[in-house]
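The values are calculated or read from the model by the stated rules, or taken from the named source; none is laboratory data. The model shown is predicted, which means the values in this text are computed figures rather than measured ones. Please note: Cβ atoms are built from the backbone with ideal geometry, for glycine as well, and neighbour counts cover all protein chains shown. Please note that ligands, DNA and RNA were not included when accessible areas were found on the heavy atoms of the full protein model with its side chains. Shrake-Rupley method; radii C 1.70, N 1.55, O 1.52, S 1.80 Å.
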Amino acid sequence: MATHNLTITPDRYFKPNRSVNEEHVKAFRNLYRKLSKISHFDGHDIDDRSLLNAAQQLGIQANSDAYLKILKESVKYENEETVFSCVDVLLDGSKPPNLPNLPSSSVPNPKRSIQEHVPKIIMEVKCLLIIQRQGNDVNDFLKNFLLKIIKKTNTYVSGGNDTWSPSDNKQFLLHPGSLLALLIHEQMSLLGTIRQRQAERLHLVESLSIIDEFSTWSYDHFQGLFTIELCSHLEKSFPPAWILDKNARIHCQFVFAGTRQASETATSLNFERPRTSSLELFVEDVCAKEDNMKTKNWVDALHAEDIFTFSHLSNLKQSEWDKIKMLSMNAKRILKTAVDRERESAADDRRRCFEESSANEETQQSLATLFKESHSELLANLHLIKLFIYHTLRFEPALQHDGALAKLEAKCIDESFVEIQNEGYADDGLFSSMGEFFLPLTISEQELRMTRSSVNSQTRRHRLEDLNEKVRRLEAGLGEATMRRWDIDEKIMNLNKKSEETHRDYVNDRLQVNKETTSRRQAEELQKIEQQWQLNRAQFEKELVSLRSPLDQWITRIADYEKQIDECKTQINNIQTESSQPQRPVDKGLVKPARGFIMYGPPGTGKSEIMSKLSTKLGITMVAPPLAAGELNRPLVGESERVIIALASRCHRVPYAMCCLSIDEIDSLAPKRDEDSSEGKVDKISVLLSLIDGIKDVPNLMIFCATNRLHMMDEAFLRRMSGKFFVGRPSSQARTKILAEIPKWALEPNLIDKLTIATTNFSGAACKAFTRAVTVRCMATQRKESSFHVKYQEALEIADRTAQQYQIFLGSETLPRLIMRNLMNGSKTEVNHLSRHMYAGRIIVDLHGGSAHIEIVDASSRIAAIEYELSSNETSVQSLLERLTIYGKDRNVQLLQLVDLNLLASQGAYDEKKVFETLKERYDECVAYDRSMIIYDLDALVGVNKSESDSSMGRSTSSSVVNQNVYTYVRARFREAVVEHQQKGNDKQKQTVEKWAVAVIREPFLLKQFSSDVQFARTRHEEAERELEKRKAEDLLKCVKCKDLYIENENKMGNCVHHDGFIYDNSAPDLSIYTQSKVTLLLNKLESDVINYPEKREEFERQKGKFKWICCDSTVTTGSTAGGCKKGKHGLGEQIIHRQNQDGCFLDKNMIDQWEKECGRNKEYNERWLILLDNRS
């Protein structure tokens, strides 16, 4: 600190010239505050010692009462302007400083001016709280929060009028330790000295009003629910300058707005809405509220700019406001804020008037449902008021102990989404994931510090007891296993000893053999000894083997016991370590809230509507109205960045609340950055990123944004948007709810289900447009035909126009047009609904075979397939769409996507790169939905190439896939189809995931190839055919014609050499006919007779040659491999089918009889036999 002259007097130090040196006054006040350790100057007892020490350190004389009076005057009040005025007045009437005493006669007349500046200390005040909205939640808030006593005081004496009840509006004495009393004292401490001209009321908490680079923004800390005003308890008005004593008694009265008592007492509310009938009245009311006495000056300044009416003033642009030269900057700010606020209030009035002027009761009920007060919004606003009060009293020790409140009320999350659903939005499972996104904002500091060890410690204790008991059991088992092992070791040791003794005996016995005996005798003895040793050794080895097996088992068991004991002891040590450590508060980083979310999806799905409703219903403060990204663009360089920073800076004015910016079409504000990006786009993105976890981070700012082009956005921005929610087209159930809004008298009965199918792929906006068009059509036509209602075909025409308007096509046409065409042709599609089985999500439609194959999951959890026949008119992909949309309705899918040549042509996909981009884009869109169905026209996408060739074996046809790359892609995507089945006991509200894939195929080769590649399940008929093909390729069969073995797939023309006629007896007069079987038996009998009766050999041999084939007149022989006179294929053509369960190498009697009957029924051979018979006769 610099050295000061100790002879300087207070008047020369504080006022060295004609004006007061404010810096010197501030320096002395700050030094005195530091020495005396006081928090506020108002009403404190001046510490003479600290005052003299401060004067000594600054070199100011304080050796007289006059000097002390000047010094004390500089530290008497908190408001610096008041201090400067009082010191100036006192010094103007003081004597020269060289006189030791300053008699009062030297002052000309300072009492009056000093009294006007010296504030009066108010010891008793009345608090008037006007309640704008009634209800149980508001009453609970007032009673259990505002009047909650958190601080004990010794000065409060309970009386008979110190309680409040919602049933009455009586005045009561407010407890000084209640939250409301502490709020009043804290606010009055912040306001300091109040200076007003005969004011009867004081608005305790003023609304925020900001004018920045974007626009005017107003914020009410009490959310329009309450107004707190102070008035003098004993007098009609407050003195010109006054402060509230820290121990002042507060008489409180709660008044509900709209009541007679409120109109009588709350006179200050007259200035809430300034009069707009004329410019003069508007300015007068604004100036009266500001208490600045500037009405004439401001009106004259406006008249000088040719502004004579309020309409002129309210229509001024920002640039025109800046050109008003005769108004000060603060005057323009106050007037523009009042104009903007009045404009918003007028918009609310128009909405209420529209609601009240409803034409009929039904409209009133619908509007009441639309504009009814939101319970979640009320809870959210009450919670915001709590946050404001806690923030204002954040230095209060009682509240510091509890910690800060959560940013959001937990009840608001569930209730807000339920209310949005009740307002007509079908979420299809979206809101459950969005609710989890906001959960971190519902956790308070008290929950972070909460001790949760009671349950955990009890669980650990039980776990520790169980582990100790398990260790005891394992140690007992280990001891027993060890004893068993020792017993077996001992047995093995004794057996080894016995084996060694036996071996020694064996050696000794061999040495003791008598060598004097004959060699034969000696050999016999040695052989006997050797045999005995071999028997003993075998016995020993057998016993050892029997012991080693249980020994290995016990060793393994011991190792297991030791391993389990070590694991249990490790767990015991971990639990003991955890128990010995004190519980720490939960790290805030674990519950750190996300900084924003982005909703993406196709247009018309309600993204903007959800964003606009969420913030108000959840209690997140919007620092600007819902914005389109283009509203932030400015023509001059750097202006857009300043606008973004200004909007984010508004969050600093409400640090207690979570704030948000709602931006639609965010992709234009944060596009991908590349080499071609302009400097302006990069600057806006960088500023936006710096405000979200960047160097200029605004911790209480969230970004709510929406886009339908997520793939075109900046990756860094997307990383910061941790919540990404896809908002897709409504499912069939959701469309049914939307279409149910059509009045019942406007449609034919039972049309809603049919129209639900016809509006497949309609967005929410398209469905709403369709309902409006149907209703308007009916109402307009009923002017002429009172009984008119829209029929099915007319509804389809309206749906077709709506689909064309919103560009909703399946292939080259709209779905309503296709359904209408089938209806006009008189064709009716009979469809088996997908509701009887558990499905796997894959369908193959065989147009050639006229069937649809659908994979199911059978009772044994195996994949099987069922087959449905197609109608006669279902011969193309377009004619199949009605069936497939019915399938989609049954499964409640949200999107049905058709991929065919029409789609590729519409996207300009004429090269392979563009084709794959289109395929991936359509597939990614389907994946984004929880339930979708994608249809591939495989013949059109892939194509089949056929080629024919001639050979010695005949003409053959080969087929191949043309576009192999597209085929591979579709095959891979088809395999990824899945249907998640909900487990029993799970929440029924949870939406299951169903990704359906449909392949429409006409070419049989492509059908067979694709079904095999994707491993599509086969139907029972296909399984039978596959088994038959397998048998044809593998089974050995015996030909009934040639009695040779063959394989059916190798059965070709010419392989079978046989006779196809019957046999006749050439020696008989009647040419007796025989079958081959009978002739074979007769020839075998003749051969037997030749052997048994050799004397008749020649006779028998002649008889063997009497049998001839009618087909070729050759003699029948046995045992010959010559074959026959005909060549053909083996078998009768159905041998595989009729003999599936028999040995193919065995010919049964029925088959032989069948072949012989066919040989006997040959007309040509029968005529030949008759000719022979005629010649013979």
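Structural remarks
- Residue count for region 577-587 satisfying the condition of being exposed (fewer than 12 other Cβ atoms within 10 Å of the Cβ) and either at pLDDT 90 or above or assigned to a helix (DSSP H, G or I) (or both): 2.
- Entry remark, region 905-939: residues being closer than 26 Å to residue 1008 by Cα, surrounded by 13 or more Cβ atoms within 10 Å (Cβ to Cβ) and over 32 Å from the mean Cα position of the chain (by Cα) number 2 in total.
- Only one of 882, 869, 874 that is within 25 Å of residue 754 (Cβ to Cβ), surrounded by fewer than 16 Cβ atoms within 10 Å (Cβ to Cβ) and of a type in the set (Asp, Glu): 869
- Considered as a group, the residues in region 1045-1056 that are surrounded by fewer than 17 Cβ atoms within 10 Å (Cβ to Cβ) and modelled with pLDDT of 85 or more include one that is farthest from the chain's Cα centre (by Cα), and that residue is 1045.
- Matching residues, region 1139-1161, being at pLDDT below 75 and surrounded by 14 or more Cβ atoms within 10 Å (Cβ to Cβ): 1139, 1144
- Region 801-816 residues that are on the phi < 0 side of the Ramachandran plot, paired with ones that are surrounded by fewer than 16 Cβ atoms within 10 Å (Cβ to Cβ) (beta carbon under 7 Å, 6 or more apart): 814/804
- Selected residue (criterion: nearest to residue 863 (Cα to Cα)) from residues of region 823-834 that are modelled with pLDDT under 80 and open to solvent by 90 Å² or more (accessible area, probe 1.4 Å): 830
- Among residues of region 56-73 that are on the phi > 0 side of the Ramachandran plot, those with a Cβ under 9 angstrom from a residue that is part of a helix (DSSP H, G or I) and among the hydroxyl-bearing types (Ser, Thr, Tyr), sequence gap 6+ or separate chain, pair up as 59/13.
- Residue in region 787-799 that is surrounded by 15 or more Cβ atoms within 10 Å (Cβ to Cβ) and more than 40 Å from the chain's Cα centre (by Cα) present: yes
- Scanning region 559-592 for residues that are out of contact with any Lys or Arg (no Cβ under 7 Å at 6 or more places or on another chain) and under 24 Å from residue 722 (Cβ atoms) yields 586, 587, 588, 589, 590, 591, 592.
- Enumeration of residues in region 991-1039 that are assigned to a helix (DSSP H, G or I) and aromatic (Phe, Trp, Tyr): 1005, 1010
- Unique match (being in contact (Cβ under 8 Å) with a residue 60 or more places away in the chain, on the phi < 0 side of the Ramachandran plot and not hydrophobic (A, V, I, L, M, F, W, C)) among 673, 595, 584, 634: 595
- Criterion applied to 484, 504, 460 was being exposed (fewer than 14 other Cβ atoms within 10 Å of the Cβ) and either in a helix (DSSP H, G or I) or out of contact with any Ser or Thr (no Cβ under 6 Å at 6 or more places or on another chain) (or both), and the one residue passing it is 504.
- Unmet requirement for residue 475, which otherwise passes all of (1) under 46 Å from the mean Cα position of the chain (by Cα); (2) closer than 19 Å to residue 570 by Cα; (3) modelled with pLDDT of 90 or more: (1)
- Just one of the listed residues (314, 345, 328) is within 21 Å of residue 215 (Cα to Cα), touching a Lys or Arg at 6+ places or on another chain (Cβ under 8 Å) and at pLDDT 85 or above, namely 314.
- Extreme residue, surrounded by the fewest Cβ atoms within 10 Å (Cβ to Cβ), among residues of region 184-218 that are part of a strand (DSSP E or B) and among the hydrophobic types (A, V, I, L, M, F, W, C): 208
- For region 588-607, a tally of residues being over 20 Å from residue 927 (Cα atoms) and assigned to a loop (DSSP other than H, G, I, E, B) returns 4.
- Selected residue [within 40 Å of the chain's Cα centre (by Cα) and either under 23 Å from residue 337 (Cα atoms) or touching a residue at least 12 places away in the same chain (Cβ under 8 Å) (or both)] from 189, 209: 209
- Filter result (touching a strand residue (DSSP E or B) at 6+ places or on another chain (Cβ under 7 Å) and polar (S, T, N, Q)) within region 596-619: 608, 612, 615
Here's the yes/no breakdown for (1) in a helix (DSSP H, G or I); (2) farther than 19 Å from residue 1126 by Cα; (3) not hydrophobic (A, V, I, L, M, F, W, C):
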position	(1), (2), (3)
1042	no, no, no
1054	no, no, yes
1069	no, yes, yes
1077	yes, no, yes
1081	yes, yes, no
1090	yes, yes, no
1102	yes, yes, yes
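- Subset of region 729-752 (residues that are within 16 Å of residue 886 (Cβ to Cβ), surrounded by fewer than 17 Cβ atoms within 10 Å (Cβ to Cβ) and touching a residue at least 60 places away in the same chain (Cβ under 8 Å)): 733
- Among the criteria (1) in a loop (DSSP other than H, G, I, E, B); (2) out of contact with any Leu (no Cβ under 6 Å at 6 or more places or on another chain), the one residue 1118 does not fulfil is (2).
- Residue satisfying all of: in region 238-254; among the charged types (D, E, K, R) and more than 24 Å from residue 131 (Cα to Cα); farthest from the chain's Cα centre (by Cα) among these: 245
- Restricting attention to region 76-90 and to residues that are assigned to a helix (DSSP H, G or I) and of a type in the set (S, T, N, Q), the residue that is farthest from residue 244 (Cα to Cα) turns out to be 85.
- From 840, 765, 852, 780, residue being out of contact with any helix residue (DSSP H, G or I) (no Cβ under 9 Å at 6 or more places or on another chain) and assigned to a strand (DSSP E or B): 840
- Among (1) in contact with a Lys or Arg (Cβ under 8 Å, 6 or more places away or on another chain); (2) at pLDDT 85 or above, the one test that residue 293 misses: (2)
- Selected residue [more than 17 Å from residue 90 (Cβ to Cβ), open to solvent by 80 Å² or more (accessible area, probe 1.4 Å) and modelled with pLDDT of 85 or more] from 30, 63: 30
- Flag if residue 302 is without any contact (Cβ under 8 Å) to a residue 40 or more places away in the chain, among the hydrophobic types (A, V, I, L, M, F, W, C), in contact with a His (Cβ under 9 Å, 6 or more places away or on another chain) and farther than 17 Å from residue 209 by Cα: yes
- Selection from region 419-436 of residues that are among the aliphatic types (A, V, I, L, M) and either farther than 22 Å from residue 729 by Cβ or not in a helix (DSSP H, G or I) (or both): 426
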